[in-house]
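The structure under discussion appears below in the form of structure tokens.
The values are calculated or read from the model by the stated rules, or taken from the named source; none is laboratory data. No experiment lies behind these values; they were computed from the predicted model shown. Here the Cβ is made from the backbone with ideal geometry for all residues, glycine too, and neighbour counts use every protein chain on show. Side chains are part of the model used for accessible areas, which takes the heavy atoms of the whole protein and leaves out ligands, DNA and RNA. Shrake-Rupley method; radii C 1.70, N 1.55, O 1.52, S 1.80 Å.
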Amino acid sequence: MSNKVRRFFGERPLPQIEVDSQVLGRRTRRDLLLFGAGTVAALAGARSLLPQALRIDDDVAESLYSPRRMVPTYTKSQITQLKNNYNGATPDPSYIPGWHVTLDGLASGLSVALDIRNLMTRFSIHEQITRLVCVEGWSAVAWWAGLRFDDLLRAYPPASQARWVRVESSVNLDASGNPDPYYVSIDLATARHPQTLLATHLNGQPLTVEHGAPLRLMVPVKLGLKNVKAITGLTYVAQESRDYWAERGYSHYDGI
């Protein structure tokens, strides 16, 4: 190979191009903005292709769930004041003497009604001091006691196809004091989490009406809006059922 050919295919020094620093700065910022806008547009376009029922935040939260992941626990010295956060008016306590919770969707095919005495005498009571996190931005550390939801599931197994539980309260009122049934849906995996309680006590005392007497859901791996007060019904279902706040624009899964 001749020297001329070798020189043609050999490495050549890169040409030096001088650009004014102010021009370069303007181009760099412009390119960065264009890249960012293009990325946002691409993500928005991809999201618009998803079915409306699909919520990316729900899918991510659900995929990260693990029954071995425990929320932090605290000491009694760390307990803080818990707000009465009924969405509407606080119910009158007259419902308590006749209160019971109805279980439906059981493997037995039966409908079972349990009062607070049934629950307190049949099941072991567990205690935990955990943080309740509200979607409104506040949180509180409280000492809860009650039966594990998992123990109830073992005693009254749901039908084999069940994957969700609809948790209801017919005691809930709207701001004017009119009946406003409250209902949420949680997956059975979360119901079986070892820190998910059907709480009967708060800070060493039986629940008051303000905090969901005589039985409320306490699921610390979920936002507070899932922690139904004064539960009156538990229904096990194959598909995720209606959810009070999801129907009003909030997330379905609400994991933390």
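Restricting attention to the stretch 131-138, does a residue exist that is out of contact with any helix residue (DSSP H, G or I) (no Cβ under 6 Å at 6 or more places or on another chain) and either open to solvent by less than 20 Å² (accessible area, probe 1.4 Å) or assigned to a helix (DSSP H, G or I) (or both)?
Checked the stretch 131-138: no residue is out of contact with any helix residue (DSSP H, G or I) (no Cβ under 6 Å at 6 or more places or on another chain) and either open to solvent by less than 20 Å² (accessible area, probe 1.4 Å) or assigned to a helix (DSSP H, G or I) (or both).
So, in the stretch 120-130, how many residues would count as being under 18 Å from Val101 (Cα atoms) and surrounded by 14 or more Cβ atoms within 10 Å (Cβ to Cβ)?
3
When you look at Ala155, is it of a type in the set (A, V, I, L, M) and either over 22 Å from Val71 (Cα atoms) or not assigned by TED's automatic domain parsing to the domain that holds Tyr183 (or both), yes or no?
Working: of a type in the set (A, V, I, L, M): yes; either over 22 Å from Val71 (Cα atoms) or not assigned by TED's automatic domain parsing to the domain that holds Tyr183 (or both): yes.
Spelling it out, Ala155 is indeed of a type in the set (A, V, I, L, M) and either over 22 Å from Val71 (Cα atoms) or not assigned by TED's automatic domain parsing to the domain that holds Tyr183 (or both).
Of all residues in the stretch 212-245, which are of a type in the set (Ser, Thr, Tyr) and in a loop (DSSP other than H, G, I, E, B)? Let's see the steps before the verdict.
Kept after step one, since they are of a type in the set (Ser, Thr, Tyr), are these residues of the stretch 212-245: 232, 235-236, 241, 244.
Within the stretch 212-245, Thr232, Ser241, Tyr244 qualify.
Suppose we keep only residues that are of a type in the set (Val, Ile, Thr) and assigned to a loop (DSSP other than H, G, I, E, B) within the stretch 67-119. Which one would you say is most open to solvent (accessible area, probe 1.4 Å)?
Residues of the stretch 67-119 of a type in the set (Val, Ile, Thr): 71, 73, 75, 79-80, 90, 96, 101-102, 112, 116.
From what's left, assigned to a loop (DSSP other than H, G, I, E, B): 71, 73, 75, 79-80, 90, 96.
Values: Val71: 18, Thr73: 88, Thr75: 71, Ile79: 52, Thr80: 64, Thr90: 56, Ile96: 60 Å².
Looking at residues that are of a type in the set (Val, Ile, Thr) and assigned to a loop (DSSP other than H, G, I, E, B), I get Thr73.
Tell me which residues, restricted to the stretch 162-182, are open to solvent by less than 20 Å² (accessible area, probe 1.4 Å) and assigned to a strand (DSSP E or B).
Once the filter is applied, which keeps residues that are open to solvent by less than 20 Å² (accessible area, probe 1.4 Å) and assigned to a strand (DSSP E or B), the stretch 162-182 yields Val165, Val167, Ser169.
Determine, yes or no, whether Ala142 is surrounded by 17 or more Cβ atoms within 10 Å (Cβ to Cβ), under 20 Å from the mean Cα position of the chain (by Cα) and closer than 22 Å to Glu210 by Cα. Give the steps one after another, and end with the answer.
On the way: surrounded by 17 or more Cβ atoms within 10 Å (Cβ to Cβ): yes; under 20 Å from the mean Cα position of the chain (by Cα): yes; closer than 22 Å to Glu210 by Cα: yes.
For Ala142, the condition - surrounded by 17 or more Cβ atoms within 10 Å (Cβ to Cβ), under 20 Å from the mean Cα position of the chain (by Cα) and closer than 22 Å to Glu210 by Cα - is met.
Among the numbered conditions (1) open to solvent by 30 Å² or more (accessible area, probe 1.4 Å); (2) under 11 Å from the mean Cα position of the chain (by Cα); (3) at pLDDT 95 or above, tell me where Val237 comes up short.
Every condition holds for Val237 apart from (2).
What is the one condition in (1) farther than 20 Å from Ala238 by Cβ; (2) at pLDDT 95 or above; (3) surrounded by 13 or more Cβ atoms within 10 Å (Cβ to Cβ) that Ala159 does not satisfy?
(1)
Does the stretch 188-211 include one or more residues that are more than 19 Å from the chain's Cα centre (by Cα), of a type in the set (D, E, K, R) and either surrounded by 20 or more Cβ atoms within 10 Å (Cβ to Cβ) or in a strand (DSSP E or B) (or both)?
no
Taking only pairs six or more apart or across chains, which ones have beta-carbon atoms under 8 Å, a first residue in the stretch 198-217 that is modelled with pLDDT of 95 or more, and a second residue that is assigned to a helix (DSSP H, G or I) and surrounded by fewer than 16 Cβ atoms within 10 Å (Cβ to Cβ)?
Val209/Pro93; Ala213/Pro93
How many residues are surrounded by fewer than 22 Cβ atoms within 10 Å (Cβ to Cβ) and touching a helix residue (DSSP H, G or I) at 6+ places or on another chain (Cβ under 7 Å) if we restrict to the stretch 212-228?
Counting residues in the stretch 212-228 that are surrounded by fewer than 22 Cβ atoms within 10 Å (Cβ to Cβ) and touching a helix residue (DSSP H, G or I) at 6+ places or on another chain (Cβ under 7 Å) gives 0.
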